[in-house]
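All remarks here apply to the structure that follows.
The values are calculated or read from the model by the stated rules, or taken from the named source; none is laboratory data. This is a predicted model, so every value here is computed, not measured. Here Cβ is always computed from backbone atoms with ideal geometry, including for glycine, and neighbour counts include all displayed protein chains. Only protein heavy atoms, including side chains, enter the accessible area calculation; ligands, DNA and RNA are left aside. Shrake-Rupley method; radii C 1.70, N 1.55, O 1.52, S 1.80 Å.
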Amino acid sequence: MAALQALLIAQNLADDKMLERATRVAAESGRRLDHVLTQLGIVSEKDLARSLGTLLDAPITEPDRYPRDPVFPERLRGKFLRKAHAVPIAIEQDRLVVAMSYPLDAFTARAIAAAVRLPVVTEVAIPVELEAALDRLYPETAAASGVAEDETAGHDGFEDDTERLKDLASGAPVIRLVNQMIARAVESQASDIHIEPAEDRLRVRYRYDGVLHEEESPPPRLSAAIVSRIKIMAKLDIAERRLPQDGRLKLTVRGQEVDFRVSTVPSLHGETVVLRILDRNAVELDFANLGLPPVIAERLTASLSLPNGIVLVTGPTGSGKTTTLYTSLLQIDSVARKVVTVEDPIEYQLAGVNQIQVKPQIGLNFASLLRSILRQDPDVIMVGEIRDIETAQIAVQAALTGHLVLSTLHTNSAAATITRLRDMGLEDYLITAVLRGVLAQRLVRRLCPHCRQSYPAPDELIEGFGLDQRTDAWPIQLWRAVGCPQCRHTGYRGRQAIAEFLVPNEEIEHLIFARADHVAIERAAVAAGMVTMFNAGLDAALAGATTIEEVVRSIRAEA
């Protein structure tokens, strides 16, 4: 263990004070040091696994290396393997390869070798992936199995018994099952967990980079208990199963504090639950990390430095508008300028920013809050969304009286935002007086840098998209998704914004007064130097950041 501590210090993963604190906690609690290090958030599970691999000169077990069926099931029981945090992988060269989350445990390796009568070679397992393999290979030992069959036997209507449901949801097995589900999603950087009861099973799906992936299903008899457990955690009413409910919860997962937004909706076979994972540590609020080109970032930053006016971010639901607004707020000096936000809901807490939650059920909507905020003399106001003419008019009045207003709209392009404001009822002279800039964006999946492959662009694509007009390189190269363990075999890892930024100039103002449509306004913006969102997507594809297919899917499909 001393060698591991020295290695963690050498790799700058921990310092002497951190390790001294972890050692003290381990001694007081009787737990192993590696458990304490990850639980306190000093070292992540992946970093600890890499350090153990370096220390032992052992490989890290990739997720696809775990077997489809148990190895030596007649000699190695699931209960023992779960307690030992080990999974036999395969027999190679007359030796049994075993994945262990703590390969320094020599006793477990010797015990397995004695049971199977073969030498044992260990690999280092990442705990969350090892737990998933144990749940799949030895379901009888999963946390859910701790709920005895006779607990539900003879209670066909137990879902309707609120007190019994509360007891079952508060039991250790269901708590462990839900905690494992959440930990696995956070560790694998999912953005959402979808729990959907069906007639004969409970479907669990995680969303990665905007696409849903199905996971192993828990026992269907635990559907109501799992949903109730999540509702208890989010302080929702578990007796109310006829109406939708929304809540929020905060958990420490693998040593990191993570916020979750919880939504429940009644369906045919029970309540469906969606947990939105708001991991502040997984989101880097920086324009470069969002994928915005330097030119757009500079223009947006210049707009944010203006003393008044309205700056809008537009796009469909799930296009990253709120993340862009949060990043924009961090560019503003919150010491010299008072910044207030009105949101529904508050996704991330920002230091130095006064954030207010909309509560329509008590009459606290965007418009009423905006009126009240103006009496507090703010410099910058962020409105989560302009949904109606009343909110739009108050935002315009705020901009006219010396405030900078940031907000979002649902439109397909920057130019279409102007016609949308007009359709909402704003007069043309007000639009030209307050509008300082419009950023329209979409999210496309980033190619995995570990497995992407280049290929010569076909002539049809070059001609169809005018690729030869966008690059001087020849032959023109594009990139395709392949798939590897690093990206869960999807070929993509993470997402980035593809955007266009419209700044109204004199020509565009004339077109607004002439009540021109969005096509004419976009043409004038392009003539003034705006790169359209689709062309920005083509540039990203040529740079190897994404694929032509992703650009067409996310932008052309809605155009």
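Can you tell me which residue among D259, D279 is surrounded by 18 or more Cβ atoms within 10 Å (Cβ to Cβ) and within 19 Å of Y206 (Cβ to Cβ)?
D279
Taking region 353-394, which residues are β-branched (V, I, T) and under 20 Å from V434 (Cα atoms)?
I373, V380, I381, V383, I386, I389, T391, I394
Taking into account only those residues within region 451-463 that are without any contact (Cβ under 8 Å) to a residue 24 or more places away in the chain and open to solvent by 60 Å² or more (accessible area, probe 1.4 Å), which is nearest to the chain's Cα centre (by Cα)?
Per the criteria, the residue is P456.
Could you list, in sequence order, all residues of region 472-488 that are farther than 28 Å from K321 by Cα and open to solvent by 40 Å² or more (accessible area, probe 1.4 Å)?
D472, A473, W474, P475, Q477, V482, P485
Given region 287-361, what helices (runs of 4 or more DSSP H) lie entirely inside it while holding 2 or more residues that are at pLDDT 90 or above and loosely packed, with under 14 Cβ neighbours inside 10 Å?
294-304
When the residues of region 420-450 are narrowed to those that are open to solvent by 20 Å² or more (accessible area, probe 1.4 Å) and under 32 Å from the mean Cα position of the chain (by Cα), which ends up nearest to G483 (Cα to Cα)?
H450
State all residues of region 525-538 that are in contact (Cβ under 8 Å) with a residue 24 or more places away in the chain and either open to solvent by 30 Å² or more (accessible area, probe 1.4 Å) or under 28 Å from the mean Cα position of the chain (by Cα) (or both); if no residue qualifies, say none.
The answer is A528, V531, T532, M533, F534, N535, A536, G537, L538.
If the Cβ limit is 6 Å and pairs must be 6+ apart or interchain, which residue in region 422-447 that is touching a residue at least 12 places away in the same chain (Cβ under 8 Å) and part of a strand (DSSP E or B) pairs with which residue that is open to solvent by 40 Å² or more (accessible area, probe 1.4 Å) and among the aromatic types (F, W, Y)?
L447/W479
Please enumerate the residues belonging to region 28-47 that are in contact with a Lys or Arg (Cβ under 9 Å, 6 or more places away or on another chain) and hydroxyl-bearing (S, T, Y).
Scanning region 28-47 gives T38, S44.
Return yes or no: is A99 under 27 Å from V186 (Cα atoms) and at pLDDT 90 or above? Step through it out loud before you land on a result.
Values: under 27 Å from V186 (Cα atoms): yes; at pLDDT 90 or above: yes.
Judged against the criteria, A99 is a match.
Search region 120-137 for residues being of a type in the set (A, V, I, L, M) and either touching a Ser or Thr at 6+ places or on another chain (Cβ under 6 Å) or within 13 Å of Y66 (Cβ to Cβ) (or both), and hand back the single one that is surrounded by the most Cβ atoms within 10 Å (Cβ to Cβ).
Among residues in region 120-137 that are of a type in the set (A, V, I, L, M) and either touching a Ser or Thr at 6+ places or on another chain (Cβ under 6 Å) or within 13 Å of Y66 (Cβ to Cβ) (or both), the one surrounded by the most Cβ atoms within 10 Å (Cβ to Cβ) is A125.
Within the group I175, I230, I193, which residue is open to solvent by less than 10 Å² (accessible area, probe 1.4 Å), under 27 Å from S44 (Cα atoms) and out of contact with any Ser or Thr (no Cβ under 9 Å at 6 or more places or on another chain)?
Working: I175 fails: open to solvent by less than 10 Å² (accessible area, probe 1.4 Å); I230 fails: out of contact with any Ser or Thr (no Cβ under 9 Å at 6 or more places or on another chain).
Result: I193 is the single residue among I175, I230, I193 that is open to solvent by less than 10 Å² (accessible area, probe 1.4 Å), under 27 Å from S44 (Cα atoms) and out of contact with any Ser or Thr (no Cβ under 9 Å at 6 or more places or on another chain).
Hey, does region 516-524 have a residue that's surrounded by fewer than 18 Cβ atoms within 10 Å (Cβ to Cβ), under 20 Å from I296 (Cα atoms) and either touching a Ser or Thr at 6+ places or on another chain (Cβ under 8 Å) or modelled with pLDDT of 95 or more (or both)?
The answer is yes; a qualifying residue exists.
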